[in-house]
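Each remark here refers to the structure printed beneath this line.
Here, each number is a calculation from the coordinates, and none is a lab measurement. Treat the numbers as computed from the prediction; the structure is a model and nothing was measured. Every residue, glycine among them, receives a Cβ derived from its backbone with ideal geometry; neighbour counts consider all protein chains shown.
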Amino acid sequence: MPKKNEKLSRSARKWLAAIANAMLCVVLVGCGAAGTAPTVPAAGEVKVDGQPLANVNVTFTPSAGRSATAQTDGDGKFTLSTFAEGDGAVEGTHKVTFSISTADVPMPGTPEAESYVPPSLPFPEKYKGLDTTDLKVTLPSGGDTAIAIDLTTE
């Protein structure tokens, strides 16, 4: 007949085996970096009425998979990132949207918030959302580092 300590020992071994198996599954599956979709180089320039569109967020959204984002610099230039900084976007056709940074929006309830007036959009409003944008860019298997996006306010 087994002793009480042996039963606890068997039970403890079962729990340790279950925990070790769970940890092994986590290690084998990982955090997703090894299983990410391949990206292609993607960079370009955005203009509105012939002028650089500076300091806006650009998002390329594929029909399936993760979106790529970037912020334009002072000259309207951008380099997309999907999984890592500057790694590009997944190959295929993307809907393109734009947004402005909300970093300067004051905290609600503060004196600054009472007098805050949001800035006007520096691009046509239809480009704010996936449902309203008609702008699409197709990235080939080799990527595209000369994407030229020319928007008009008319």
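For Pro38, what is the net charge nearby, where nearby means another residue's Cβ is under 10 Å from its Cβ and Lys, Arg count +1, Asp, Glu -1?
That works out to -2.
Among the chymotrypsin sites (Phe, Trp or Tyr not before Pro) in region 69-101, which ones are in a DSSP loop with at most 14 other Cβ atoms within 10 Å of the Cβ? Mind listing them?
Within region 69-101, no chymotrypsin sites (Phe, Trp or Tyr not before Pro) qualify (loop, at most 14 other Cβ atoms within 10 Å).
Rounded to the nearest 0.05, what FRET efficiency do Lys47 and Met107 give with R0 = 30 Å and r taken as the Cβ-Cβ distance? Could you check?
Given R0 = 30 Å and the Cβ-Cβ separation, E is 0.30.
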